[in-house]
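Once you've had a glance at the structure underneath, I'll fire off some questions.
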Amino acid sequence: MASTQPAAPEQWRSQTGFVLAALGAAVGLGNVWRFSYVAGENGGGAFILVYAALVLLVGYPLLLAEFAVGRSAQSESAAAYGRLAPGSRWRGIGLLGVLAALAILFYYPVVAGWALKYLALYAFDPAEAARPGAAPERFQSFIAEPLQPLLWMGAMLAATVAIVWMGIARGIERASALLMPALAVILLLLAGYGLSLEGAGQALAFLFRPDWDALARPQLYLAAIGQAFFSIGLAMGVMVTYASYLPRDRALPGAALAVVAGDTLFAVVAGLVVFPAVFTFGGDPAQGPVLAFVTLPQVFAHMPGGAVFALGFFALLVIAAVTSLVSLLEVPVAWLMRRWRWRRSRASVAVGIVAFAAGVPASLGHGPWREARIAGLPILEAMDHGASNLLLPVSGILIALFVGWCWRRGDALAGSGLQPESLAVAWRWALRYAVPALLALVLVAGVRA
Ligand code: TRP
């Protein structure tokens, strides 16, 4: 069978390059666009507390599990599990990852396109962008158009395809090494400005003072776990695939820690950009997915230096989105290359076209199809909710169970690279019992509530 022949392996040039690429996958729209409104809707402080706890208890062990599976199998997601446990019924879970990556690819580029449109708006027409009171109407009429949002989405996908086409070291690694430091600089500048605003104290209280009553709501935990999976980039084959481009002797625990910590830090600091502005200039922090595109532009219009701040903010969103889009595209691309022996160029273009076509409903769901509802939500929100709060946790349970029960004990412990062995044993224990149990509990309670 084709899958058992060793292909000429592509590899990261350096460990730093791998960490930056994985961080690029993790840090995305989820950290800025999604984190801010999900935290806002779930009361701020209490959400962040639960979020941080779940990242540590569930996110870290699972990320390390994906890294270990990918590096040990030296294969993209779909074939990786079968290589570690040949003949096992579980080997299908890798293919689930490929499908799940496609599911996110079906709406993520839409929001990425919105971000690019707003970046262009603030870059080329700052006067119009800053017209007070124009923000809600502008966003509504922009997304209500059938064609314009699709063009911006297409532009983001084209950039993504170009990077993936160039390959692991020359495309993804180089782009990440360039873009991730730029991202950090912009973020810190914006957060510095945010903290100098009058509403900074209120924002800090909102973000860090837990409202204990909120902890009684099961939806809070489901929202937190969905956000953690989405933000870290778990359970979609991305991290398995990225780790498969590592030589077998590379250390994983530190890399996984860097990704989890960096991703969480990035989200919290992004909160220090968004919320001080919102509190200083009077917006509602719990405005849902339009927070970044309506509430914030309204805030920017009243802010001294708001146009520059806005330019930085949307540049941040666009850069963060590109490196994440790249990771999502790479999963099906790597699968097509291994399974069907497609060339990288052909696979990248094909997946880009599929993502574009599939993005049409989610995009139109805010325009001509805005009345359409799936489970009571607009198309894009329904896809996001289904993927993040259902598909990702379910796939996470399966990955934990695979590594905990199905992969041979010695291989799994060694595969994690954790030292001393007692740590590796604790990690495996977490994946056997704690992680699946916690995920199942959160899922059942959250879905029923
Ligand atoms: N983590 C990215 C974000 O925060 C999105 C993303 C990229 C993702 N790759 C993923 C989400 C894999 C889930 C799984 O925006």
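The values are calculated or read from the model by the stated rules, or taken from the named source; none is laboratory data. Only a predicted model underlies this, so the values are computations on that prediction, with no experimental measurement involved. A quick note on method: Cβ atoms are made from the backbone with ideal geometry, for glycine too, and the neighbour counts reach across all protein chains shown. To get the accessible areas, we keep the full protein, side chains included, count just its heavy atoms, and leave off ligands, DNA and RNA. Shrake-Rupley method; radii C 1.70, N 1.55, O 1.52, S 1.80 Å.
Mind checking which pairs have a first residue in region 167-194 that is part of a helix (DSSP H, G or I) and a second that is charged (D, E, K, R), Cβ under 8 Å, 6 or more apart or different chains?
Close Cβ pairs satisfying both conditions: Ile168/Glu10; Ala169/Glu10; Ala169/Arg13; Ile172/Glu330; Glu173/Arg13.
State the number of residues belonging to region 94-117 that are away from the ligand (no atom under 12 Å from the Cβ), closer than 25 Å to Ala315 by Cα, open to solvent by less than 30 Å² (accessible area, probe 1.4 Å) and not β-branched (Val, Ile, Thr).
Final tally of qualifying residues: 2.
Here is a further query. Does Ala85 satisfy the condition of being over 16 Å from Met236 (Cβ atoms) and either within 15 Å of the ligand (Cβ to nearest atom) or modelled with pLDDT of 95 or more (or both)? Break it down stepwise before answering.
Values: over 16 Å from Met236 (Cβ atoms): yes; either within 15 Å of the ligand (Cβ to nearest atom) or modelled with pLDDT of 95 or more (or both): no.
Against the criterion (over 16 Å from Met236 (Cβ atoms) and either within 15 Å of the ligand (Cβ to nearest atom) or modelled with pLDDT of 95 or more (or both)), Ala85 does not qualify.
Read through the list (1) within 16 Å of the ligand (Cβ to nearest atom); (2) without any contact (Cβ under 8 Å) to a residue 60 or more places away in the chain; (3) among the small types (Gly, Ala, Ser), then give the number of the only condition that Ala362 fails.
It is condition (2) that Ala362 fails.
What single numbered condition from (1) surrounded by fewer than 16 Cβ atoms within 10 Å (Cβ to Cβ); (2) farther than 30 Å from Val240 by Cβ fails to hold for Ala135?
(1)
Going by the structure shown, is Pro253 closer than 30 Å to Leu413 by Cα and over 24 Å from the mean Cα position of the chain (by Cα)?
Considered against the rule, which asks whether it is closer than 30 Å to Leu413 by Cα and over 24 Å from the mean Cα position of the chain (by Cα), Pro253 comes out as no.
Here is a follow-up. Given the criteria at pLDDT 85 or above and among the hydrophobic types (A, V, I, L, M, F, W, C), does Trp407 qualify?
On the way: at pLDDT 85 or above: yes; among the hydrophobic types (A, V, I, L, M, F, W, C): yes.
The answer is yes for Trp407.
Got a sec? Which of Ala68, Ala155 is more than 14 Å from the ligand (Cβ to nearest atom), open to solvent by 40 Å² or more (accessible area, probe 1.4 Å) and part of a helix (DSSP H, G or I)? Walk me through it before giving the result.
Values: Ala68 fails: open to solvent by 40 Å² or more (accessible area, probe 1.4 Å).
Just one listed residue meets the conditions, Ala155.
Same structure again: Go through the residues of region 283-295 one by one and say whether even a single one is hydroxyl-bearing (Ser, Thr, Tyr), under 27 Å from Gly43 (Cα atoms), under 14 Å from the mean Cα position of the chain (by Cα) and surrounded by 19 or more Cβ atoms within 10 Å (Cβ to Cβ).
Of the residues in region 283-295, the ones hydroxyl-bearing (Ser, Thr, Tyr) are 295.
Still in the running and under 27 Å from Gly43 (Cα atoms): 295.
From the residues that got through so far, the ones that are under 14 Å from the mean Cα position of the chain (by Cα) too are none.
No; the residues of region 283-295 include none that is hydroxyl-bearing (Ser, Thr, Tyr), under 27 Å from Gly43 (Cα atoms), under 14 Å from the mean Cα position of the chain (by Cα) and surrounded by 19 or more Cβ atoms within 10 Å (Cβ to Cβ).
For residues that are closer than 20 Å to Ile93 by Cα and in contact (Cβ under 8 Å) with a residue 60 or more places away in the chain, scanning just region 409-433, find the one that is farthest from the chain's Cα centre (by Cα).
Asp411
Looking only at region 434-448, filter to residues that are in contact (Cβ under 8 Å) with a residue 60 or more places away in the chain and in contact with a Leu (Cβ under 8 Å, 6 or more places away or on another chain); which one of those is nearest to Ser72 (Cα to Cα)?
Val435
Any residue in region 400-408 that is farther than 20 Å from Ser77 by Cα and assigned to a helix (DSSP H, G or I)?
Checking region 400-408: not a single residue is farther than 20 Å from Ser77 by Cα and assigned to a helix (DSSP H, G or I).
Residues are listed down the side, and each one gets a yes or a no for (1) free of Cβ contacts under 8 Å to residues at least 60 places away in the same chain; (2) touching a Pro at 6+ places or on another chain (Cβ under 7 Å); (3) surrounded by fewer than 20 Cβ atoms within 10 Å (Cβ to Cβ):
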{"site": "Phe313", "(1), (2), (3)": "no, no, no"}
{"site": "Ala321", "(1), (2), (3)": "no, no, no"}
{"site": "Leu325", "(1), (2), (3)": "no, yes, no"}
{"site": "Glu330", "(1), (2), (3)": "no, no, no"}
{"site": "Met337", "(1), (2), (3)": "no, no, yes"}
{"site": "Ala347", "(1), (2), (3)": "yes, no, no"}
{"site": "Gly352", "(1), (2), (3)": "no, no, no"}
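Can you pull out every residue in region 187-214 that is closer than 30 Å to Leu64 by Cα and touching a Phe, Trp or Tyr at 6+ places or on another chain (Cβ under 9 Å)?
Hits for region 187-214 are Leu187, Leu207, Pro210.
Given (1) under 30 Å from Val58 (Cα atoms); (2) open to solvent by 40 Å² or more (accessible area, probe 1.4 Å), identify the lone condition not met by Leu443.
(2)
Identify the residue in region 248-265 that is open to solvent by less than 20 Å² (accessible area, probe 1.4 Å) and not small (Gly, Ala, Ser) and, among all such residues, is farthest from the ligand (Cβ to nearest atom).
Going through region 248-265, the residues open to solvent by less than 20 Å² (accessible area, probe 1.4 Å) turn out to be 252, 255-256, 259-260, 263.
Filter again for not small (Gly, Ala, Ser), leaving 252, 259-260, 263.
Working: Leu252: 18, Val259: 10, Val260: 12, Asp263: 7 Å.
The selected residue is Leu252.
I'm checking my understanding of the structure. Among residues of region 196-216 that are charged (D, E, K, R) and either within 16 Å of the ligand (Cβ to nearest atom) or modelled with pLDDT under 90 (or both), which one is farthest from the chain's Cα centre (by Cα)? Don't jump to the end; show me each part of the working.
Looking only at region 196-216, we keep the residues that are charged (D, E, K, R), and these are 198, 209, 211, 213.
Going one step further and asking which of them are either within 16 Å of the ligand (Cβ to nearest atom) or modelled with pLDDT under 90 (or both), we end up with 209, 211, 213.
Values: Arg209: 26, Asp211: 26, Asp213: 28 Å.
Step by step, filter region 196-216, then rank; the result is Asp213.
Can you tell me how many residues in region 115-164 are of a type in the set (Ser, Thr, Tyr) and in contact with a Phe, Trp or Tyr (Cβ under 9 Å, 6 or more places away or on another chain)? It would help to see each step written out before you state the result.
Kept after step one, since they are of a type in the set (Ser, Thr, Tyr), are these residues of region 115-164: 118, 122, 141, 160.
Checking the rest, the ones that are also in contact with a Phe, Trp or Tyr (Cβ under 9 Å, 6 or more places away or on another chain) come to 118, 122.
Selection size over region 115-164: 2.
Could you check, for region 296-311, whether at least one of its residues is under 19 Å from the mean Cα position of the chain (by Cα) and in contact (Cβ under 8 Å) with a residue 60 or more places away in the chain? Full working, then the answer.
Let us first name the residues in region 296-311 that are under 19 Å from the mean Cα position of the chain (by Cα), namely none.
No, region 296-311 contains no residue that is under 19 Å from the mean Cα position of the chain (by Cα) and in contact (Cβ under 8 Å) with a residue 60 or more places away in the chain.
Evaluate region 224-247: report whether one residue or more is more than 16 Å from the ligand (Cβ to nearest atom) and open to solvent by 40 Å² or more (accessible area, probe 1.4 Å).
Going residue by residue through region 224-247, those that are more than 16 Å from the ligand (Cβ to nearest atom) are 246-247.
Still in the list and also open to solvent by 40 Å² or more (accessible area, probe 1.4 Å): none.
Among the residues of region 224-247, not one is more than 16 Å from the ligand (Cβ to nearest atom) and open to solvent by 40 Å² or more (accessible area, probe 1.4 Å), which makes the answer no.
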